[in-house]
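I have placed the structure first, in the form of structure tokens, so that the comments after it can refer back to it.
The values are calculated or read from the model by the stated rules, or taken from the named source; none is laboratory data. Note that the structure is a prediction, hence the values are computed from the model and not measured. Cβ placement follows ideal geometry from the backbone for every residue including glycine, while neighbour counts extend to all protein chains displayed.
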Amino acid sequence: MAVVEQAPEVTPEEARALRLAATRARVAAILQDPGMAASAARAMDVGEGVEEAPADQVTESAYAGEFAEAAFVEAYGCDFVDGLKSRYGG
Amino acid sequence: MGTDACVLIEAVRRAVDQEDHPCPFLFKLAISHAFRLLLVEQAELEARKALAPQPSKGQQDLRPVLDALLDRCLVERYPNPSLEEVAAAYPILCARMKHGNDVPLAVAVMKAQPDLFISANIRHWKPSLRDVLGGVPIMAPRAALEYLGVPAPPKRPPIPP
């Protein structure tokens, strides 16, 4: 009787880790380009420290989300937004 | 990689101003096809509203710049969740995020399961949201670049008082 081997199951976390490893390999290859490496260094230098700011501040971004509500209303309708907000806040 | 509207907006504005910043560099990697961008309908709609002409702020129409960037990336667009899905998730997500307008985006991220979700708004998009979003890591742009293997510069010594 033939034995059918089952492929080992990959969990979603394992699949994500595999994809991340592939992405990191592509990023590493891209950074071999001296121009990209220099651009990366400048971007990381500018960004240093911004994520250590107090959590009650919107950091990094000069954009404060003033269009988020307009987009919500356009997508779902004002009554719906108001109804949810009056019940749950936000 | 999923992106919040603010990452799109910052990438466009800083690209126009030719400023170095993690957001436009994330787009440089996306243009080089390091990864695909997951673009949720709600995030794109919000970004387009913010990038539309705003004469009172002296802002020109920046939507064509966004289009030009996205045209060069591998983009996977994802529709907004239904009203019912948003309403069902709202009590849990809004309690965590303290921002109801981002709940549709969070529900879409929960459904789409990108490998990473990037937002510059760490007030609403806290790393601890990962638990309720099915394990999707939440990171700010610079942290995301480090996570993807972009080397961070050495820490500067603190400035003496």
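Structure summary
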item	result
Of all residues in segment B:31-43 being outside any helix (DSSP H, G or I), facing another protein chain (nearest Cβ under 7 Å) and in contact (Cβ under 8 Å) with a residue 12 or more places away in the chain, the one that is farthest from A:GLY35 (Cα to Cα)	B:PHE35
Given (1) farther than 18 Å from A:ALA71 by Cα; (2) buried (at least 16 other Cβ atoms within 10 Å of the Cβ); (3) within 7 Å of another protein chain (Cβ to nearest Cβ), number of the condition B:ALA112 does not satisfy	(3)
Looking only at segment B:115-132, and only at residues there that are β-branched (Val, Ile, Thr) and part of a loop (DSSP other than H, G, I, E, B), the one that is farthest from the other protein chains (Cβ to nearest Cβ)	B:VAL132
Among (1) of a type in the set (Asp, Glu); (2) in contact with a Pro (Cβ under 9 Å, 6 or more places away or on another chain); (3) part of a helix (DSSP H, G or I) - the single one B:GLU76 does not satisfy	(3)
Counted residues, segment B:86-100 - those being touching a residue at least 24 places away in the same chain (Cβ under 8 Å), surrounded by fewer than 24 Cβ atoms within 10 Å (Cβ to Cβ) and on the phi < 0 side of the Ramachandran plot	4
Residue, farthest from B:PRO81 (Cα to Cα), within segment B:98-154, restricted to residues that are in contact with a Ser or Thr (Cβ under 9 Å, 6 or more places away or on another chain) and acidic (Asp, Glu)	B:ASP115
Residue under evaluation B:SER56, criteria (1) more than 24 Å from B:ALA106 (Cα to Cα); (2) outside any loop (DSSP other than H, G, I, E, B); (3) at the interface with chain A (Cβ under 10 Å from one of its Cβ atoms), criterion not met	(3)
Pick from segment A:63-90, criterion modelled with pLDDT under 75, within 7 Å of another protein chain (Cβ to nearest Cβ) and outside any helix (DSSP H, G or I), ranking: surrounded by the fewest Cβ atoms within 10 Å (Cβ to Cβ)	A:GLY89
Unique match (being in a helix (DSSP H, G or I) and either in contact with an Asp or Glu (Cβ under 9 Å, 6 or more places away or on another chain) or within 20 Å of B:PHE27 (Cβ to Cβ) (or both)) among B:VAL103, B:VAL107	B:VAL107
Sole residue being among the hydrophobic types (A, V, I, L, M, F, W, C) and without any contact (Cβ under 8 Å) to a residue 40 or more places away in the chain, chosen from B:LEU129, B:LEU145	B:LEU129
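Listed here are the residues, each with its yes/no results for (1) at pLDDT below 90; (2) under 18 Å from the mean Cα position of the chain (by Cα).
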residue: A:THR11; (1), (2): yes, no
residue: A:ARG19; (1), (2): no, yes
residue: A:ALA22; (1), (2): no, yes
residue: A:ALA25; (1), (2): no, no
residue: A:ALA29; (1), (2): no, no
residue: A:PRO34; (1), (2): no, no
residue: A:GLY47; (1), (2): yes, yes
residue: A:VAL50; (1), (2): yes, yes
residue: A:VAL58; (1), (2): yes, yes
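Residues checked against (1) modelled with pLDDT under 90; (2) more than 10 Å from every other protein chain (Cβ to nearest Cβ):
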{"position": "B:ALA15", "(1), (2)": "yes, yes"}
{"position": "B:LEU29", "(1), (2)": "no, no"}
{"position": "B:LEU45", "(1), (2)": "no, no"}
{"position": "B:ASP71", "(1), (2)": "no, yes"}
{"position": "B:SER82", "(1), (2)": "no, no"}
